[in-house]
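Visitor: Dropping the structure in here first, questions after.
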Amino acid sequence: MAEGSVRLVEWYRMPSGRVPLAEFLNGLHEQDRKRALSLLGLLERRERIGEPQSQKVETGLFELRKDRVRMFYIFLPGRRAMVLDGILKKQWEIPQDVLNRVRAYRRDAEAREKKAQ
């Protein structure tokens, strides 16, 4: 994890109150859910995570990865990480609609963070 150890992990909540990552986890079969929860555990235990479990998607956007499970996250001030959403990856590239969605979540989270300061 390029940004160093994490102090706190937050879950992105849409303005409507929905939590995309929770919905993703609830829709997984048992084995994929175990994979996802083990990755979240690494992040929540504030461990330094590197490849292959974590990879930079683009500047400021990262993914937790294990087999086909992918969960997207960002860093916020104060050594906080925010998990945004997840997918079961079925191809090499991240689908454009998924990238667009997590980028929108990122922009919203960062705008709310800026407004709160």
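No value in this document is a laboratory result; all are computed from the given coordinates. Please read these numbers as outputs of a predicted model, since none were measured by experiment. We place every Cβ from the backbone using ideal geometry, glycine too, and count neighbours over all the protein chains shown.
Visitor: Starting from the Cα of E110, step 7 Å along the direction of its Cβ; do the same at W92; then give the gap between the two resulting points in nm.
Guide: 2.8
Visitor: Compute the relative contact order of the chain as a whole-number percentage, counting only Cα pairs closer than 8 Å that sit 6 or more residues apart in sequence. Write down the numbers at each step before the final one.
Guide: Details: 161 pairs, mean separation 33.0, N = 117.
Relative contact order for the chain comes out at 28 percent.
Visitor: Also: Treat the chain as a sphere of radius equal to its Kirkwood radius over Cα pairs and apply Stokes-Einstein at 25 °C in a medium of 0.890 mPa s; give the translational diffusion coefficient in µm²/s, rounded to a whole number. Write out the running numbers ahead of the final one.
Guide: On the way: Rh = 14.3 Å.
So the translational diffusion coefficient is about 171 µm²/s.
Visitor: What percent does the relative contact order of segment 71-115 come to when contacts are Cα pairs within less than 8 Å and at least six residues apart?
Guide: Values: 29 pairs, mean separation 15.0, N = 45.
Reported relative contact order: 33 percent.
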